[in-house]
1. With every protein chain present, what is the per residue accessible area of region 1-134 (1.4 Å probe, Å²)?
2. Report ³J(HN,Hα) in whole Hz for each residue of region 23-33, in order, from the Karplus equation J = 6.51 cos²θ - 1.76 cosθ + 1.60 where θ = phi - 60°; Gly and Pro get x.
3. Leaving ligands, DNA and RNA out of it, rank 99, 238, 326 by accessible area with a 1.4 Å probe, largest first.
4. Rounding to the nearest 20 debye, state how big the charge dipole of region 191-263 is about its Cα centre with +1 on each Lys and Arg Cβ and -1 on each Asp and Glu Cβ.
5. In region 109-177, what GluC sites (Glu not before Pro) fall in a loop by DSSP, with at most 12 other Cβ atoms inside 10 Å?
6. Could you run the Karplus curve 6.51 cos²θ - 1.76 cosθ + 1.60 with θ = phi - 60° over region 71-83 and give me ³J(HN,Hα) per residue in whole Hz, x for Gly and Pro?
7. Using a 1.4 angstrom probe on heavy atoms only, work out the carbon and sulfur share of the accessible area of region 17-344 in %.
8. At a Förster radius of 51 Å, what calculated FRET efficiency corresponds to the Cβ-Cβ distance of residue 200 and residue 309, to the nearest 0.05?
Amino acid sequence: MSVATWVNDTLVRDPTERRIFAALAVITALLVVGVFAGVIGPRFLLFQVALVGMYALLSLGLNVQWGYAGLINFSVAAFWGLGAYSAALLTAPNSPLGMGLHPIFGFLAAIVVSALVAILIGIPTLRLREDYLAIASLGLAEVIRLIILNERQWTAGSSGISGIPSLLEWLPLTGAATTASIIVVLIAVVYLFLRRIHRSPWGRVLRTIRSDEDLAKALGKDTYRFKMQAFVVGSVVMAIAGAFYAHLNLYIDPSDLVPLTTFYIWIAVILGGTGSNRGAVVGAAVVIAIREGTRFLNDIAFIGNLGLDVAPLRLLFVGVLIILIMRYRQDGLLPPKDELIWPSAQKESSAASRGAAASDGGVVTDGTTSGGPSDGGKNQ
């Protein structure tokens with residue numbers, strides 16, 4: 001399969017999506033030009049790439065829970081914080097634990113801790129209606145933040161944890177380039193993994209549960225077990241994003257675990273298209289572009305002359321964008337379509353449709369049919 005074919009089959013679905021990707025390509029090109037022109041610092045741009053990647057991981061994790069299984073999780077910031085603090089406590093030499101372990105142990109701890117907490121919160125809630133999970137997860141986010149803030153002997157409290165080591169310091173790259181490269185690899189691995197399970201029988205059961213849980217039960221599926229698995233997988237992905245952030249920022253404190261992070265991730269998933277992994281990544285990029293780009297609005301001469309402080313209006317801009325998306329693109333920027341179908345099944349379906357068309361007297365040429373002798377068509 002050629003690269004162009006893969007891109008067309010995997011990323012681009014219709015003319016509107018081509019325009020979206022074209023706009024993203026133009027923005028990327030402008031950023032690169034800005035770096036070469038000296039307008040944008042390379043370190044700043046690489047940090048933003050890493051930040052987009054972290055938000056993309058969080059969006060992919062929420063997409064597993066909400067987009068696949070219909071689970072309403074308002075504790076994205078909590079699982080992100082668990083991952084960040086697990087990595088910081090085990091790897092920072094001056095943390096309250098003082099272990100100074102290799103970062104790999106921090107990532108492993110983030111995975112284990114997030115999975116255990118997800119199971120503990122899922123056991124009493126996932127057998128009930130979806131709103132019970134929403135209420136419990138909302139409370140969980142605040143409980144975890146307060147525990148981290150008040151248990152100073154274990155978490156350093158409001159002082160935070162500094163001295164977190166960078167990832168792969170032995171690479172012959174700058175720290176910003178290394179973290180950007182690592183997040184790209186992480187996204188590729190997580191994206192391909194989720195794409196595989198999304199198209200698997202497990203993913204099809206989750207989509208059935210999201211659409212009609214009673215139907216899934218009638219088909220003999222243990223919906224509680226499937227929802228628990230989706231909740232744990234999504235929470236683990238969020239914790240991995242948190243562990244990465246700890247090594248990106250090299251400092252973490254309870255103020256980072258604000259509910260606004262959860263809000264941004266929900267917006268990213270909705271903007272991109274609920275249930276779409278492509279959409280989750282693009283939605284994260286759009287949210288970060290608005291959040292970080294609006295910081296520099298006051299530097300524009302025209303806006304500065306007006307005497308207005310528009311930089312804090314980023315939430316307003318996000319809200320306007322949501323309204324526009326819901327008005328003109330209700331399913332999101334990149335909604336899930338035929339990526340829900342396993343490629344072999346899609347090819348078999350296409351072959352069957354071409355065979356049926358040919359048997360009716362038409363001749364297939366490049367996926368189209370020409371009329372048979374009865375309607376004036378000629379064989380080619």
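The values are calculated or read from the model by the stated rules, or taken from the named source; none is laboratory data. As the structure is a computational prediction, the values presented were derived from the model and not from experiment. Every residue, glycine among them, receives a Cβ derived from its backbone with ideal geometry; neighbour counts consider all protein chains shown. Side chains included, ligands, DNA and RNA excluded: accessible areas come from the protein's heavy atoms. Shrake-Rupley method; radii C 1.70, N 1.55, O 1.52, S 1.80 Å.
1. Values: 6260 Å² over 134 residues.
For region 1-134, the solvent-accessible area averages 47 Å² per residue.
2. 5, 5, 5, 5, 4, 4, 4, 5, 5, 5, 4
3. Values: 99 105, 238 0, 326 75 Å².
In descending accessible area the options line up as 99, 326, 238.
4. Dipole magnitude for region 191-263 comes out near 540 debye.
5. Numbers: sites: 130, 142, 151, 169; in loops: 151, 169.
When the GluC sites (Glu not before Pro) of region 109-177 are filtered for loop state and at most 12 Cβ neighbours within 10 Å, 151, 169 remain.
6. Result, rounded to whole Hz: 8, 8, 10, 9, 10, 4, 4, 5, 5, 4, x, 4, x.
7. On the way: 10680 of 15300 Å².
Heavy-atom surface of region 17-344 belonging to carbon and sulfur, 1.4 Å probe: 70 percent.
8. Details: r = 50 Å, r/R0 = 0.98.
Working from the Cβ atoms, E equals 0.55.
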